[in-house]
Amino acid sequence: MRTVAAFAGILWLVGALGRPSAAKAAPPATARAAPPATVRAAPAVRVALAPLGALVEKPRNLAAIEAAVAQGLTGVAGAALVSPADVQRAIRNARRPELGDCEGQQHCLAELARLVGAGRIVAGDINTLEAGPSCT
């Protein structure tokens, strides 16, 4: 399945999460060694996957593609994924079905991110081409 290549663009959206910060120069050596500093990991940024849209009437494998995208997002350093099931549950509990079909509208995606407490949100559409599924 060509889903790995199709998801590279989506993962690029959250690529900044995995970038290490620039290393700071070491302080000058002193006669007395300072105790080692405690290294704290940066808190994970919550990332939600909005329900994927379909550009075809009856998309095949939409759930499998959405699961593969979610799985790919779990591998992004510094990201804590809000599971697609949690996103669907939040939409249902808030009685806001329109948030499940944002179609790329920024205000809708921002509302969805606020609803699930995500700092970033990944959205996209699935289309079927002769070569196989495509994700944009």
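In table form, for the structure just shown:
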| item | result |
| --- | --- |
| Separation of the residue 128 and residue 105 label points, Cα + 7 Å toward Cβ, nm | 2.7 |
| Per DSSP, loop trypsin sites (Lys or Arg not before Pro) in the range 67-113 with at most 14 further Cβ within 10 Å | 95 |
| Under 5 Å, built H, 5+ apart or other chain: amide partners of residue 125 | 53, 136 |
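Coordinate-derived values only; no laboratory data. This structure is a prediction, so every number in the text was calculated from the model and none was measured. We place every Cβ from the backbone using ideal geometry, glycine too, and count neighbours over all the protein chains shown.
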